[in-house]
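First the structure, in the form of structure tokens, and then the observations on it.
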2 protein chains.
Amino acid sequence: MGTNLTTPVWFMRQAGRSLPEYRATKGTTNILDAIAEPELAAKITMQPVERYGVDAAVLYSDIIVPVNSIGFGIEIEAGIGPVTKSPYRSERDLTRLEGFDPFVSTPYVLETIRLLKSRLEVPLIGFAGAPFTVASYLIEGRPTRTFEATKAMMYGDGETFKRLMERLSEITYLSLKGQIEAGVDAVQIFDSWVGNLSVYEYANFVAPHVRYVVERVKELNVPIIHFGTNTTHLLGEFAKIPTDGVSLENRSSIPEAIEILGSDRAIQGNLDPILCLTNEQVMIDGAKRVLLESRAAKRYVFNLGHGVLPSTDPIMLEKLVKFVHENGPELRS
Amino acid sequence: MGTNLTTPVWFMRQAGRSLPEYRATKGTTNILDAIAEPELAAKITMQPVERYGVDAAVLYSDIIVPVNSIGFGIEIEAGIGPVTKSPYRSERDLTRLEGFDPFVSTPYVLETIRLLKSRLEVPLIGFAGAPFTVASYLIEGRPTRTFEATKAMMYGDGETFKRLMERLSEITYLSLKGQIEAGVDAVQIFDSWVGNLSVYEYANFVAPHVRYVVERVKELNVPIIHFGTNTTHLLGEFAKIPTDGVSLENRSSIPEAIEILGSDRAIQGNLDPILCLTNEQVMIDGAKRVLLESRAAKRYVFNLGHGVLPSTDPIMLEKLVKFVHENGPELRS
């Protein structure tokens, strides 16, 4: 049975395109430029906290910020996502991934965190992309649905793939370490695309690197949460990695996930964000189901099964936060 | 341990855009028009059997053929997929889904089957779309990645959704029955998009309808195979439906799937079709892994984890068939 006295709630991508105040604040500034301006990034980070009364702020940043900052040559194209003209092809490209130091490479991220810590009354969550997801952008050169080049390298040139994963694991760790030293209260690693891999591929080509990052971050004594969309089939592998919490995608059954992950791990998620596009009744019924299912988790944080969709009406999320705050403890008891 | 003396192999979407002889034969004819010409459809069906020496032919058809044939008003737009200008919105739209009789509505499909049965030396596999996947096209009006309208109806207007699923289940059954009476040796139901649903959604809104179709088809005494992409998390639900075989998507682990599905069910799949785009060594290594993993299945049919990708080089598939035929029995023993 749940033991939270309250049910905390936050949303992945709670800051961003679904908020009119975000669109007004950011205007046409490129996202990477907005992230590099601490006052602007701090303001954007606080917007959903002020509007929704969520129980955590999520640093306004992007998973490609570290590799962008050291000059790999990757940008974010509006409407597309991360794009590079020279994808990672061989170990020679490792020279383009050298020298990441959060204090030198991304001082603006740390400054944003310091600004936020002096202003926020709720915890601040930092994050980084997990090595596979970042690797897939570097190898494919742009968002993909097939991961053809990534799989060709993974299977056909395993050493080159492994060297890239090792380098990105180090960068991921250093990025999280910098954020933690600057003051974030928890971190989440986003392995957004890893759900496209099979259990075999995850266990053999990815899991050791995620484990490395998690084990090193745990030495820093802040909670680390693990998330990837489309990963219900990988929960057995996620269970072997010593994270503090797992954020469940919307297709998972919470009771089944707890059986796999163990009841000592915090569970987060997993309301289908699509339901926030339908109507209030459907969304609230869904939230009720999630809260009832979460009873088997000792610690539970309400969240969506993936990020807020850009077309979501903020009024729906306001209602959702209110519902969870008012009904969470009772439904979970 | 496997008991097949040979390892049969066929590919989902083995006929189609990846074959130059298909592109030459079909030309610019719309796919629905090509399907409606028995001589043409029979020729296309036989092309991959002749080229690859696969152990089954797959009827050249499409899952929207039945609903198109009774005038729902759905077409296939090249490069997009099934599109309708008037999506299914209320029970009144059920009048657009009346009167399907395979012998009257799609006599050309049955004629194609009869032509093929007189020409083929290998079994012929018929198929139909499962109710959810067809419903999603009718409700959304076009291919979607979010299934927003479908989920809104499923949760918000359950009765309307259920009536549609019941009607489509009847159509699916009748379509399969017609194909079986015309001579197909086995059938496969394609629930292509159901992997986007959660376990809860599948169990509550979809499974009873699939079960209805499967139970009725089983009275006709031909094997029925069940397939959907992205469905590893749903295998526990698939296990409850009395199919003769399950075709596994590429992310599944075959041994884990057998544990869930039982060793009496035939297993099909699950080589990642992306590997056929990489290089021969990577593809053959993948095939070897799949064959070794399949040893726990009594009956196993080699196939891909989803359809042949249009950019696949047919020479790769020729090599794959040869490899499976030459090495399957030994690797599985």
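Taking the fewest neighbouring Cβ atoms within 10 Å as the starting point, the ordered list for B:His209, B:His233, A:His325 is A:His325, B:His209, B:His233.
Just checking the listed ones, A:Ala266, A:Ala56, A:Ala24: in the Gaussian network model of chain A with Cα springs under 10 Å, the one fluctuating most is A:Ala24. Charged neighbours of B:Ser252, selected by a Cβ distance under 13 Å, balance to -4 (K, R count +1; D, E count -1). Legend: calculated FRET efficiency, B:Ser311 to A:Ala203, from the Cβ-Cβ distance at R0 = 30 Å, rounded to 0.05, equals 0.60.
Using Cα springs under 10 Å in a Gaussian network model of chain B, which residue among B:Val54, B:Val217, B:Val199 shows the largest mean-square fluctuation? With Cα springs under 10 Å in chain B, the top fluctuation among B:Val54, B:Val217, B:Val199 is at B:Val199.
Qualifying trypsin sites (Lys or Arg not before Pro) in segment B:231-288, where qualification requires a DSSP coil assignment and no more than 16 other C-beta atoms within 10 Å, comprise B:Lys240. Per-residue shielding of A:170-181, expressed as the average number of other chain Cβ atoms within 10 Å of the residue Cβ, stands at 0. The other copies place their A:Glu280 label points at 6.5 nm from this one, listed shortest first, where each point is 7 Å from Cα along Cα→Cβ.
The trypsin sites (Lys or Arg not before Pro) of segment B:97-148 that meet both conditions, a loop assignment by DSSP and at most 11 other Cβ atoms within 10 Å of the site Cβ, are B:Arg145. With the cut-off at under 16 Å, measuring from each backbone N in segment A:89-115 to a point 7 Å along the Cα-to-Cβ line of A:Glu75 picks out no residue. With a cut-off of 13 Å between beta carbons, the residues surrounding A:Leu168 carry a summed charge of -1, where Lys and Arg count +1 and Asp and Glu -1. Dipole magnitude for the protein assembly as shown: computed about the Cα centre from +1 point charges on Lys and Arg Cβ and -1 point charges on Asp and Glu Cβ, it is near 80 debye. For segment A:164-261, the set of chymotrypsin sites (Phe, Trp or Tyr not before Pro) satisfying both a DSSP loop assignment and a count of at most 12 other C-beta atoms within 10 Å is empty.
The mean sequence distance of close C-alpha pairs (under 8 Å, at least 6 residues apart), as a share of the length of segment B:48-123, puts its relative contact order at 33 percent. From helices alone, the protein assembly as shown scores -13500 deg cm²/dmol at 222 nm; the rule is -39500 (n - 2.57) for each run of n ≥ 4 DSSP H residues, then divide by the residue total.
The angle between the Cα long axis of helix B:314-332 and the main principal axis of chain B comes to about 70°, on a 0 to 90 degree scale. Model label sites at A:Glu259 and A:Glu37, defined 7 Å from Cα along the beta-carbon direction, differ in position by 5.2 nm. For B:Lys151, the aspartates and glutamates whose Cα comes closer than 12 Å to its Cα, not counting residues fewer than 8 places off in the same chain, are A:Asp272, B:Glu140, B:Glu201. Percent of Cα-Cα pairs more than 20 Å apart in segment B:210-311, please. When all Cα pairs of segment B:210-311 are counted, 37 percent exceed 20 Å.
Between A:Leu277, A:Asn196, A:His233, whose Cα lies farthest towards the positive end of the dipole of segment A:20-332 when Lys and Arg beta carbons carry +1 and Asp and Glu beta carbons carry -1, centred on the Cα centre? Positive-most Cα among the choices belongs to A:His233. When GluC sites (Glu not before Pro) are flagged only if DSSP places them in a loop and at most 11 other Cβ atoms lie within 10 Å, the longest unflagged stretch of chain B comes out as B:220-333.
Only the coordinates and a few stated rules stand behind these numbers; no lab work does. Remember, predicted model here, so these are calculated numbers, not experimental data. Virtual Cβ from ideal backbone geometry, glycine too; neighbours counted across all protein chains shown.
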